[in-house]
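Nothing in this text is a laboratory measurement; each read-out follows from the coordinates by a stated rule. Note that this is a predicted model, so its numbers are computed, not measured. Backbone-built Cβ (ideal geometry, glycine too); neighbour counts: all protein chains shown.
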Amino acid sequence: MKTSIKLILIYFLMQLLGVAIVSPLMLLYAHLADAHDVHALPPSLIAGILLMMGYLYKKGYLTGDEALWRVGRPLTYLWTLLAGISFILLDEWLMSMLDFLPDWMEMAFDEMAYSPWGILGICLLGPVLEEMLFRGAVLKSLLSHYRPATAIGRSALRVGSVHVNPAQVVAACCSGLLLGWLYQRTRSLWPSILVHVVNNSCSVFLMRTYPDVEHLSELFPAGGYVLLIGLSACVLLLSLTMLRRLTTPASNLS
């Protein structure tokens, strides 16, 4: 438990360090280039991500485990993708029921979604880092001390707490359960990275394509949306069942 808490604190520290490094450079660039529309947030996010990746590798959290980057069978990824897409739809439906939660990061997300650097950070580098951190390091540590269900639950709560933003906490906790289960079943980061990348990419795509739409339900007639959610629940259940048959969790992750 101490390891997971320490890593989360270091994660926050690296984000602050990224801001401290990049912001002065962006201000200097704006001054020298006489630019008035310079956004420091996207490159600061990427700097923090790269710093945390470097830390995880330097301290050996992502080395010495051959299974961590094992690709596995293509069929596993097919069912993983189906599980991920159906889960994303169900998670979005849940969040539409909780739209009273404040979104403190809305303006920041908007800025990121319209910046090439921001898109790179949100859709690719961010998901890869979070899976390296929360599954490859945090969950792996918890699995060596707790039963799988307990370890996955604790890891999901830590993921939610890191997001801080009330509008993201519940969704992050829920996705943490699925992504944690995928890691526990496969011991590989690739399935959870795939789902994470798809989730974040869909969010950016919808934000850019339908900027005035708050929830996916607004794009469907009432009956059609109910059918979509019901179908998603069935596909998710089937996908998890198939993944359970295709994978064999390791008995010892220590």
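Would you please name the residue that is farthest from GLU131 (Cα to Cα), looking only at residues in the range 34-91 that are assigned to a helix (DSSP H, G or I) and acidic (Asp, Glu)? Only one residue fits best here, namely ASP91. Within the range 223-231, the presence of at least one residue that is among the hydroxyl-bearing types (Ser, Thr, Tyr) and part of a helix (DSSP H, G or I) is confirmed.
When residues in the range 173-203 are screened for being β-branched (Val, Ile, Thr) and over 19 Å from TRP93 (Cβ atoms), 3 of them pass. If you go through the range 51-74 and keep only what is of a type in the set (A, V, I, L, M, F, W, C) and free of Cβ contacts under 8 Å to residues at least 60 places away in the same chain, you end up with just LEU51. Here VAL164 fulfils each of the conditions (1) touching a Phe, Trp or Tyr at 6+ places or on another chain (Cβ under 8 Å); (2) on the phi < 0 side of the Ramachandran plot apart from (2). Beta carbons closer than 8 Å, at least 6 apart along the sequence or on distinct chains, pair a first residue in the range 219-230 that is closer than 11 Å to GLU92 by Cβ with a second that is surrounded by 13 or more Cβ atoms within 10 Å (Cβ to Cβ) and aromatic (Phe, Trp, Tyr) for LEU228/PHE220; ILE229/TRP93.
Every listed requirement among (1) crowded, with 17+ Cβ neighbours inside 10 Å; (2) touching a helix residue (DSSP H, G or I) at 6+ places or on another chain (Cβ under 6 Å); (3) not small (Gly, Ala, Ser) is met by HIS215 save one, (1).
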